[in-house]
Amino acid sequence: MDTKEVYDGKEVAIVSSPSEGSREVVSDVEEGEVFATGADGVNFRTVGWIRAAIFFLKMTFAAGVLSIPSALYSLGAVAGALFIAFWGILNTYMACLQGEFKLHHRSVHTVADGAYIITMQWSSNNVKLASTMREITEFFYIFTWIICAGVSTLGLSIALNAVSKHATCSVVFGFVAYFIIASVASIRKIHKLAWVTWVGFGSIVTAILIVVIAVTIPDRPAAAPQTGDFDLGFSASPPKGTTFAAAWAASLAIFSSSANTSGFVPVISEMKRPQDYFKSLYACMIWITSSYLALAITVYAYCGKWVASPALGSAGPTIKIISYGIAIPGLIAGAMICVHIAGKSLFVRILRNTHHLTNNTKTHWAVWLSCTYGTGLLGWILSEAIPFFSSLVSLIGALGFAPLGICLPTLFWFSLHPQALKGPMKMKVQWFFHIALFVLGLFTLFAGTYANIKNIIDQYKAHLVGTAFQCADNSGTVAT
C-alpha cells in the first residue's frame, strides 16, 4: 500500500517493494532529489551507467593499488590473496546496501544524510540528535576524502620527482600537484569529467602493466643485490617476526584500496537512471578485485621483499621514470575525484535548498571554487605531514572507511528491515549476520587505528621515513 513520509522537511511517496521487508521510493517522485532543477538551472543528472562505472573504477583503481604488493609482503601470499578477495566481496556488498538506501531515500546525497534519516527513525524524530549525527558523520566523510586527496597528491608529487630526477624540492612538487589537481577537480559536473576518468584509468592501468611485465624479465629484483646469493623474501606466510600491528596495517591497506564505496553515493544523485547504479557497481568491483589479485600477486612473486611502495618504483630507475610518466594522468584523475567528492559534499552542504545550488550565480561559483581549492589544500598539507605512502593509505581504512564503509551501511540495512528480528528464520539469520559485520567495522576502526599509529611510530624510530615537509627525493628509486 502506498504511503507518504517526510524526510528533510519534504514529503515523498513510498510504495512496497517486491523484496521482503523493503520499501521503495516511487520512481517519478522528484521532490526529494538533491539536484532537481528548474528551467534556468544547471542539469547535473546526466550520467549514464557506463560513465558511472568508469568513474567508480578510476575512483577505486587509483593510488591505493600501488600499496598492495608491499602489503602482501607483510601478510604472505596466501593470507594476502584471501584478504584481497574478502575485502573486495565485503566492500561490494556494503556498496549495495548504500545504493539500496539511497534509492529508498532520494534526498540522500552523502552517507551523512543517511545518518540523519536513521537517527530520526530511531530517536522518535529527535531533530537535534539527528542533526548532530549528521554533522559528525559529515565531518568523518569529508575528512576521509581529504585524506584520500592527500594520498593521491603525494602519489603525484612522487611521480613528478621520479620523472624529473628530483629537479626541485619535494614540497614544491607537492604544491604544484595540489594546484593541478584542484584545478581539474573544479569542473563541476561528473558528466564532463568523463574524458579525464577515461584517460586517467587507461594511463594508470598501462603504467602498472609495464611494471608487472618489467619485473618478470630480470633474474632478480632491481633492488636486490645484483651479484651473489640473495633472499627473495617471497613466502606463502608472513615473514618471521611480523607484528600484529604491521600485519593488520597491511590488511587495512588492502581494505582501503576498494573501501571507498561511500564516495559512490553522491554519483547516484547525478545519474540519469539511479536504478542503473548496481550495473555500474558490479562492473567496477568485479574488475577491481580480479585485477588486484592478478597484479599484486605477480609483482610480489617476482619482487618479494624488494618491492617498492608505491609499486611503480619496483622495476628499477628506467622503468620507474617511464611508468610514472605514463601514470601521471591517472594520478591526476584519481586525486581529482577525491577533491571533487569532498568539495561537492561541502558545496551541497552550504548551498542546499537555495537557488545558488543549481544556478550560475556569483555565490555559486565562489562557494564551489572555495570548496575544491580548500579541500585540495588540506589534502596537500596532510600529505606533507605524513609523507609515507602505505601508512597513509592504511590510515584511511582505519579512521575513515571502517565507520563509513562498514558500520554505517550495516545500520542502513537495519533501517530498511526494522522487523527483521521478528520475521522468518531467514531474516533473523541476516539480522545476526549484520550485527557481526557491524562488530567487524568497529574492530577495524579501533584496532586499525592502534595498528597504524604504532606502525607510524615504529617507522619514525627506525628512520625508515623522512620528516614532515621534507625537500628530499620521495620517489624511492630502488637501483641504479
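What follows is calculated from the coordinates using simple rules that are stated; it is not laboratory data. Here the structure is a predicted model, which means the values were calculated and not measured. Backbone-built Cβ (ideal geometry, glycine too); neighbour counts: all protein chains shown.
Determine the shape class of segment 326-480: with a ≥ b ≥ c the square roots of the Cα gyration tensor eigenvalues, call it rounded for a/c under 1.5, and otherwise prolate if a/b is greater than b/c, oblate otherwise. Can you show the working numbers first?
On the way: a/c = 2.77, a/b = 1.20, b/c = 2.31.
Note, shape of segment 326-480 comes out oblate.
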Query - Alpha-carbon centroid distance for the pair segment 361-427 / segment 211-247, whole angstrom - result: 34
Report summary line: Non-local residues with an amide H under 5 Å from the amide H of S314, with H modelled 1.01 Å from N and Pro and chain starts lacking one, are A308
Report summary line: Karplus-derived 3J(HN,Hα) from phi for segment 102-116 (6.51 cos²θ - 1.76 cosθ + 1.60, θ = phi - 60°), whole Hz, x at Gly and Pro, runs 4, 5, 7, 10, 5, 6, 6, 10, 10, 5, 5, 5, x, 4, 5
Query - R0 of 25 Å, Cβ-Cβ distance W365-F175: FRET efficiency to nearest 0.05 - result: 0.60
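Before rounding to the nearest 500, sum -39500 (n - 2.57) across all DSSP H runs of length at least 4 in the chain and divide by the residue total; then give [θ] at 222 nm in deg cm²/dmol. Could the numbers behind the result be given before it?
Values: 15 runs with 292 residues, N = 480.
Helix-only estimate at 222 nm: -21000 deg cm²/dmol.
Can you pull out the trypsin sites (Lys or Arg not before Pro) in segment 232-290 whose DSSP state is coil and whose Cβ has at most 15 other Cβ atoms within 10 Å? Mind showing how you got there, number by number?
Numbers: sites: K240, K272, K279; in loops: K240, K272.
Loop-located and lightly packed - K240, K272.
What number comes out for the charge environment of F230, summing +1 per Lys or Arg and -1 per Asp or Glu over other residues with Cβ under 11 Å away? Walk me through the intermediate numbers first.
On the way: positive: R220, K305; negative: D219, D229, D231.
Local charge sum for F230: -1.
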Query raised in the report: Once amide H atoms are built 1.01 Å from N in the peptide plane, which residues 5 or more positions from V47, or in another chain, come under 5 Å H to H?
Result: M271, K272
Report task. Kindly write out, for segment 257-270 in residue order, the coupling ³J(HN,Hα) from the Karplus curve 6.51 cos²θ - 1.76 cosθ + 1.60 (θ = phi - 60°), rounded to whole Hz, with x marking Gly and Pro. Result -> 5, 9, 9, 7, 5, 5, x, 6, 4, x, 5, 4, 5, 10
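Could you give the longest part of the chain that holds none of the GluC sites (Glu not before Pro) found in DSSP loops with at most 14 neighbouring Cβ atoms within 10 Å?
Values: sites that count: E20, E30, E31.
The answer is 32-480.
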Query raised in the report: Share of antiparallel DSSP beta bridges in the chain, in percent to the nearest 5?
Result: 90
Query raised in the report: Say R0 is 45 Å: what FRET efficiency, to the nearest 0.05, do S123 and K240 get from their beta-carbon distance?
Result: 0.30
Report task. Could you tell me which of Q121, L281, L445 has its Cα farthest along the dipole of the chain towards the positive end, charges placed at Cβ (Lys, Arg +1; Asp, Glu -1), taken about the Cα centre? Result -> L281
